[in-house]
Amino acid sequence: MTTNRKTDPKFVRAYERGMLRSAFVSLFWGVIAERKKREGYTLQALAQSLGTNKAEVSRWFNGNPNWTLNTVASIANALNLDLRIEAVERSTGRIFTPSGVHPSTTLESMQKGAEIATTEENLTSQILKSPYRSNEKQATTEQPTEFAKAA
Amino acid sequence: MQQALGGERLVLRKPLKPLGDQKRHLLVTPRINALLDGRVLPGLFPDVEAERLVGRFSAGYLVTVSRRITKKKPDVEQIVGANEVWAMCLRKPRPGWRLLGRWHDKNVFVALRPWEKHDLAGKYPQACQEVIADWEGLLPGEQPHTGTEVSDYLSGVYRDDDEP
């Protein structure tokens, strides 16, 4: 029974909340680390821009802070960053932005893409069935997983 | 490695909700997999924070790393005095757990032995020997990945806790 906790909506929601918090922390640390390497940027400098102390800022990046949107905006401002906001609809892959659906992912354009793909598929199957096709072995479409490649 | 994976003596521990391609890979023994899934100690696991560490690690998100004895609480630490034995530190569920293992490659960590933090106290040498013996049994002839900098072990976003 307890093994099903992973599919419990409350468990999944808590996980996704934590991962979103981690995404912001990771995003900003990635910028800080890169600048630290290139320009000697310091947490002290960030703390000063934010009007807080270095210890507080350092703690953020060793933990799991639940920043308010205002804090996220302040950090982005202090780091001179523009944040882009997108939401991907899991069921369709459509991308929503604050100014509407991303043009390449409207249902119409995705349908059009599917039609083109189907036409290409038909052409490919016609070519494969062609009597002029040589007897060479069909290339496998199975791709090694990323791990298999890494290993 | 392929034999260990094929024979399911090691399994790829996937995040609860994978986010695109995995940047890093966590391989675990079936025993650790069962532990994390709550099939060994139901009630303790599965745990959101433990899953989140797997999620952060796999996605290439920020993880904190130390290669020294430290009072900080890194996510991943090298065991000082052992031959390339590392620990993935699950701070929750309490009192905390350590997944001891070795790096097979950059970004590929193989967790071989789970320890409850309190049980491990004072037993590090023995625990590390077990890890090395497990490694040799599972991956005969293969040397663990080694490096001199944290960046030799993992890419993505990380914080070296040993830096000032």
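The values are calculated or read from the model by the stated rules, or taken from the named source; none is laboratory data. Being a predicted model, the structure only gives us computed values, none of them experimental. Glycine also receives a Cβ, built like all others from the backbone with ideal geometry; neighbour counts cover every protein chain displayed. These accessible areas exclude ligands, DNA and RNA; they are computed on the full protein's heavy atoms, side chains included. Shrake-Rupley method; radii C 1.70, N 1.55, O 1.52, S 1.80 Å.
Give me the number: length gained by fully extending B:Asp152 to B:Glu136, i.e. 0.36 nm times residue separation minus the C-alpha to C-alpha distance, one decimal in nm.
Once the chain is fully extended between B:Asp152 and B:Glu136, it gains 3.5 nm.
Considering only protein heavy atoms, what is the solvent-accessible area of B:Leu139 at a probe of 1.4 Å, reported in Å² to the nearest 10?
0 Å²
Over the heavy atoms of A:Thr7, what accessible area does a 1.4 Å probe trace out, to the nearest 10 Å²?
110 Å²
Short version: which residues of the range A:4-25 lose at least 50 Å² of accessible area, all chains versus chain alone, 1.4 Å probe?
Hits at the 50 Å² cut-off: A:Arg5, A:Lys6, A:Phe11, A:Tyr15, A:Met19.
Provide the FRET efficiency to the nearest 0.05 for the B:Arg94-A:Asn4 pair, computing r from the beta carbons and using R0 = 22 Å.
It comes to 0.45.
Return the loop-located GluC sites (Glu not before Pro) in the range B:1-64 (DSSP other than H, G, I, E, B) with at most 12 other Cβ atoms within 10 Å of their own Cβ; answer none if there are none.
Qualifying residues, ordered by number: B:Glu8.
Please go through the range A:16-125 and write out the trypsin sites (Lys or Arg not before Pro) that DSSP classes as loop and that have at most 15 other C-beta atoms within 10 Å.
A:Arg84, A:Arg90
Answer rounded, prolate or oblate for the range B:1-58, using the Cα gyration tensor with square roots of eigenvalues a ≥ b ≥ c: rounded when a/c is under 1.5, else prolate when a/b is larger than b/c, else oblate.
Judged from the Cα gyration tensor, the range B:1-58 comes out oblate (a/c at least 1.5, b/c at or above a/b).
Under a plain spin-label model, where a point goes 7 Å from the Cα along Cα-to-Cβ, how far apart in nm are A:Ile85 and B:Ile69?
4.9 nm
Taking the Cβ-Cβ separation of A:Gln44 and B:Leu19 as r and a Förster radius of 35 Å, what is the calculated FRET efficiency to the nearest 0.05?
With R0 = 35 Å, the Cβ-Cβ based efficiency is 0.65.
Between B and A, buried accessible area summed over both sides at probe 1.4 Å, in Å² to the nearest 100?
Counting protein atoms only, the buried area is about 2800 Å².
Students sometimes get this wrong: rank B:Glu130, A:Glu108 by accessible area, probe 1.4 Å, all chains present, largest first.
A:Glu108, B:Glu130
To the nearest 10 square angstrom, how much accessible area does B:Asp152 have with a 1.4 angstrom probe?
50 Å²
Quick one: net charge around B:Val65, please, counting Lys, Arg +1 and Asp, Glu -1 for every other residue with C-beta under 9 Å from its C-beta.
Net of charged neighbours comes to -3.
In nm, to one decimal, how far is the A:Gln111 label point from the B:Gln3 one, both placed 7 Å along Cα→Cβ?
5.6 nm
Describe numerically, in nm with one decimal, the distance between label points set 7 Å from Cα along Cα→Cβ at A:Glu34 and at B:His118.
Roughly 4.5 nm, to one decimal.
What does the charge count around A:Thr106 come to, taking other residues whose C-beta lies under 10 Å from its C-beta (Lys +1, Arg +1, Asp -1, Glu -1)?
+1
Taking the square root of 5 times each eigenvalue of the Cα gyration tensor, what semi-axes in Å does the equivalent ellipsoid of the range B:2-153 have, largest first?
Equivalent ellipsoid semi-axes, largest first: 20, 19, 17 Å.
Given bins 10 angstrom wide, list per bin the percent of all Cα-Cα distances in the protein assembly as shown, short to long.
5, 22, 28, 23, 15, 6, 2, 0
Considering only protein heavy atoms, what per residue accessible area in square angstrom results for the range B:1-120 with a 1.4 angstrom probe?
Solvent-accessible surface per residue comes out at 41 Å².
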